[in-house]
1. With respect to the cross-link table entries B:Lys174/B:Lys275; B:Lys94/B:Lys183; A:Lys49/A:Lys309; B:Lys252/B:Lys275; A:Lys49/A:Lys160, which display a Cα-Cα separation exceeding 26 Å?
2. Summed for both chains, how many Å² of accessible area, to the nearest 100, are buried between A and B with a 1.4 Å probe?
3. Can you tell me, using C-alpha contacts under 8 Å and at least 6 residues apart, the relative contact order of the range A:123-194 as a whole percent?
4. Go ahead and set up a Gaussian network model of chain B, Cα springs under 10 Å, then flag whichever of B:Ile142, B:Ile246, B:Ile181 fluctuates most.
5. Could you work out the pair-distance distribution P(r) of chain B from its alpha-carbon pairs, with 20 angstrom bin width and percents rounded to whole numbers?
6. Using a Gaussian network model of chain B with C-alpha springs under 10 Å, which one of B:Leu195, B:Leu53, B:Leu257 is most mobile by mean-square fluctuation?
7. Counting other Cβ atoms within 10 Å, keep those with at most 12, restrict to DSSP loop, and tell me which GluC sites (Glu not before Pro) in the range B:232-309 are left.
8. In degrees from 0 to 90, rounded to the nearest 10, what is the angle of the helix B:297-306 Cα long axis to the longest principal axis of chain B?
Amino acid sequence: PVENKNEAAMSELVPEPRQKPVVPMKPMGINANLLGYIGIDTIIEQMRKKTMKTGFDFNIMVVGQSGLGKSTLVNTLFKSQVSRKSSGWNREEKIPKTVEIKAIGHVIEEGGVKMKLTVIDTPGFGDQINNENCWEPIEKYINEQYEKFLKEEVNIARKKRIPDTRVHCCLYFISPTGHSLRPLDLEFMKHLSKVVNIIPVIAKADTMTLEEKTEFKQRVRKELEVNGIEFYPQKEFDEDLEDKTENDKIRQESMPFAVVGSDKEYQVNGKRVLGRKTPWGIIEVENLTHCEFALLRDFVIRTHLQDLKEVTHNIHYETYRAKRLNDNGGLPPMTVETEENHESNL
Amino acid sequence: NVFYVPLHFIFSDSAGYVGFANLPNQVHRKSVKKGFEFTLMVVGESGLGKSTLINSLFLTDLYPERYIPGAAEKIERTVQIEASTVEIEERGVKLRLTVVDTPGYGDAINSQDCFKTIIQYIDNQFERYLHDESGLNRRHIIDNRVHCCFYFISPFGHGLKPLDVEFMKALHGKVNIVPVIAKADTLTLKERERLKRRVLDEISEHGIRIYQLPDADSDEDEEFKEQTRVLKASIPFAVIGSNQLIEVKGKKIRGRLYPWGVVEVENPEHNDFLKLRTMLVTHMQDLQEVTQDLHYENFRSERLKRTGK
């Protein structure tokens with residue numbers, strides 16, 4: 001191997017460490033296998049144990065007009081009453097005049113893994129006569145969580161584990177009109193897809209037949225594309241070919257998920273299932289031939305949960321942070337760098 | 001704004017599975033894809049078998065064309081810092097290991113300043129990380145911080161030498177120190193025990209903080225708990241390394257051939273090599289965490305306080 005001689009030393013006292021070129025591991029010989037196990041793969045096991053012990057935070061926001069079944073759906077997703085259903089049937093309860101942000105937290109445990117789940121509800125969104133700019137309180141809330149995290153991160157004495165209140169996932173509920181998206185839907189998603197992971201869902205999908213559903217989905221997908229709305233999983237963040245293939249299928253075929261939620265159980269073929277009972281039959285929430293709830297659940301919870309958090313942290317949060325550093329405004333004790341004098345890390 | 005309410009489970013058990021218990025698998029998958037980085041520093045006088053030990057630990061040949069300088073050349077030399085990186089893959093898990101060597105340490109007649117270079121190197125890595133962490137573009141931060149330092153103690157003395165004490169006192173607040181008794185085959189088992197006890201006493205006397213293995217958690221299995229107990233009781237590890245394969249009972253093993261017998265590197269009755277390797281590999285994550293949460297944070301808060309911002 002050729003040695004790389006160091007060029008100008010970084011300082012007089014310490015010569016720049018001479019980086020020898022990366023050497024792939026040389027096997028010891030034919031009998032190397034007998035002695036050949038170091039145990040590097042146990043690191044994975046260490047990480048898994050650690051994840052289980054420390055537990056994790058997950059913050060999910062639901063946005064949509066009242067009555068679209070947001071709370072029911074979230075409760076169905078997490079199989080528990082994590083969201084208090086607004087008693088929209090109660091005439092005394094008024095529709096809020098502005099959009100409110102209500103966050104409720106729960107600690108739930110499964111298979112030894114602890115999750116601190118926070119559901120952020122946004123009552124009042126889209127419910128007024130004049131809904132102009134009704135996404136602003138939502139965008140403000142999301143940015144406030146980024147700001148909170150940033151302040152902790154730049155502290156001199158900072159916490160080992162910074163509490164994470166950032167919104168990892170925003171479920172946007174589309175009304176099942178069967179026609180197209182509404183202007184409010186487009187405006188909201190246009191603004192918010194830049195700051196948070198948006199997953200559009202078609203609510204109360206049991207009001208559409210299979211054909212109507214397929215057509216509606218196609219139309220919605222087209223509209224989102226034409227309007228340049230990057231919903232999660234965003235194309236530009238696919239990490240490798242494996243991700244791209246998997247995510248392309250989800251983006252182009254499955255999304256937006258047409259879902260039905262329920263907190264009632266019925267007996268079907270000897271099994272207890274979650275569903276909605278109508279005179280013409282029972283709609284089974286977790287039956288893939290009835291609706292796509294199970295797809296949404298698997299997507300958000302069983303396969304992409306960690307990725308939702310990582311995209312929030314590595315992309316959305318970093319974008320916010322970079323903007324803050326650039327604006328130079330009122331950042332707590334820290335060297336603030338502007339674009340001109342900062343050395344690129346690339 | 002966030003308030004916690006008691007949870008009401010309203011669904012029967014059979015319907016109760018949500019699926020977030022799968023999260024550790026998701027994390028696993030991402031970690032395997034990303035791979036790991038680890039930086040290990042080795043410090044000790046020339047001739048204590050450092051390079052041989054590193055090669056034995058990772059089954060590599062990091063120093064293929066080594067040139068060993070004579071005494072006259074060593075007089076002129078100051079401490080160098082040499083970093084070599086090797087990529088090791090095992091069962092699909094990739095590790096990018098950087099070994100930072102410190103040739104020249106302890107060689108000079110007057111070794112007064114020989115660890116200043118080392119301290120500066122460690123601080124430079126912290127400085128670089130702090131700079132990167134505070135920068136605009138943080139997507140590709142490289143972690144070159146030293147996660148662990150094997151400090152080689154000579155088996156020829158009666159315990160720690162003054163240089164050993166000074167070094168460890170200067171560095172225990174900057175890096176995880178793992179003391180290692182080198183060339184352990186020059187000692188009988190009794191001599192080894194005596195030396196170990198002596199070293200531990202001196203470490204405690206001088207208030208030196210070496211890396212502490214965390215106790216096994218209560219929910220670990222008995223086997224792991226026992227392994228942790230044995231590891232903790234064997235510190236400092238007395239080790240032997242070898243680049244040679246010797247045939248013993250029909251098998252080819254790493255060892256040292258003497259007229260009076262063969263010393264086997266991977267034989268736990270001959271030395272603590274396997275223990276050292278087990279300790280390193282099962283605590284790689286913890287070593288990184290302590291570096292991040294303790295040593296780096298100390299450096300960072302000192303730095304930020306000093307620049308008065």
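The values are calculated or read from the model by the stated rules, or taken from the named source; none is laboratory data. Values in this document were obtained by computation on a predicted structure and should not be read as measured data. Note that each Cβ is placed from the backbone with ideal geometry, even for glycine, and that neighbours are counted across all protein chains shown. Please note that ligands, DNA and RNA were not included when accessible areas were found on the heavy atoms of the full protein model with its side chains. Shrake-Rupley method; radii C 1.70, N 1.55, O 1.52, S 1.80 Å.
1. Distance filter (> 26 Å) returns B:Lys94/B:Lys183.
2. Numbers: alone 22180 and 19590 Å², together 32690 Å².
About 9100 Å² of accessible surface is lost on pairing.
3. 28 percent.
4. B:Ile142
5. 27, 55, 16, 3, 0
6. The residue that fluctuates most here is B:Leu257.
7. Working: sites: B:Glu247, B:Glu264, B:Glu266, B:Glu269, B:Glu289, B:Glu297, B:Glu302; in loops: B:Glu266, B:Glu269.
Counting only loop positions with at most 12 other Cβ atoms within 10 Å, the GluC sites (Glu not before Pro) in the range B:232-309 are B:Glu269.
8. Value to nearest ten degrees: 90.
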